[in-house]
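Every read-out reported here was derived from the displayed coordinates using simple, explicitly stated rules and does not represent laboratory data. Note that this is a predicted model, so its numbers are computed, not measured. Please note: Cβ atoms are built from the backbone with ideal geometry, for glycine as well, and neighbour counts cover all protein chains shown.
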Amino acid sequence: MVSRWNPWRAVARRPDVTVVFDDPGEGNVGILDLRTRTITLCPTLLQDERRSTLTHELVHLERGSPCAPGDWEEREVARIAAGRIIPLPALVEAVKWSDHLEEQALELWVDEDTVRVRLRHLTDRERAELSQARAARDGLETSDGPTLAP
């Protein structure tokens, strides 16, 4: 099993941060109040959604940047959070299991949007590693490495 970053353990190491379950406001599933260092999570989130949202809000806290959806900083926070909660070895294992986003999210214990963001921001090396994993899964790997399907 691949070791994964755990946002709840990260919060436990941060006595200056409070997590509450309450309405984060219209259109939000989580929000950070930098002044009070309080992360508010929607109480109806499923566990995978809580993990993803908490990770995202912790990255906002680290960067000191609460943001509005759609701006550059928000996209950067989403990229960092996805990379943190989905390390490459875990993503490779998920891809070996399925190419379906929903199934990958279940395997990775995150929401689908976090997987989507992680896949959108792969490096060339990461992309090559995922391609090799898919080729091996599909029986297209030779001793010299992956081959193209006929």
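Numbers below:
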quantity: Considering residues of region 26-37 that are under 20 Å from Asp111 (Cα atoms) and in contact (Cβ under 8 Å) with a residue 24 or more places away in the chain only, the residue surrounded by the fewest Cβ atoms within 10 Å (Cβ to Cβ); calculated: Gly27
quantity: Some residue of region 38-53 being surrounded by 13 or more Cβ atoms within 10 Å (Cβ to Cβ), in a helix (DSSP H, G or I) and of a type in the set (S, T, N, Q); calculated: yes
quantity: Subset tally (residues that are under 17 Å from Arg127 (Cβ atoms) and under 12 Å from the mean Cα position of the chain (by Cα)) for region 91-113; calculated: 2
quantity: Residue match in region 17-25 (condition: of a type in the set (Gly, Ala, Ser), buried (at least 16 other Cβ atoms within 10 Å of the Cβ) and more than 30 Å from Arg137 (Cβ to Cβ)); calculated: no
quantity: Close pairs from region 58-79: first closer than 16 Å to Thr36 by Cβ, partner loosely packed, with under 13 Cβ neighbours inside 10 Å, Cβ under 6 Å, at least 6 apart; calculated: Pro66/Leu34
quantity: Top-ranked residue in region 107-132 [being assigned to a loop (DSSP other than H, G, I, E, B) and aliphatic (A, V, I, L, M); ranked as farthest from Asn6 (Cα to Cα)]; calculated: Leu122
quantity: Members of region 59-106 that are on the phi < 0 side of the Ramachandran plot, assigned to a loop (DSSP other than H, G, I, E, B) and not polar (S, T, N, Q); calculated: Pro66, Cys67, Ala68, Pro69, Asp71, Ile86, Pro87, Asp99, His100
quantity: Residues located in region 114-134, provided they are surrounded by 17 or more Cβ atoms within 10 Å (Cβ to Cβ) and within 15 Å of Ala78 (Cβ to Cβ); calculated: Thr114, Val115, Val117, Arg118, Leu119
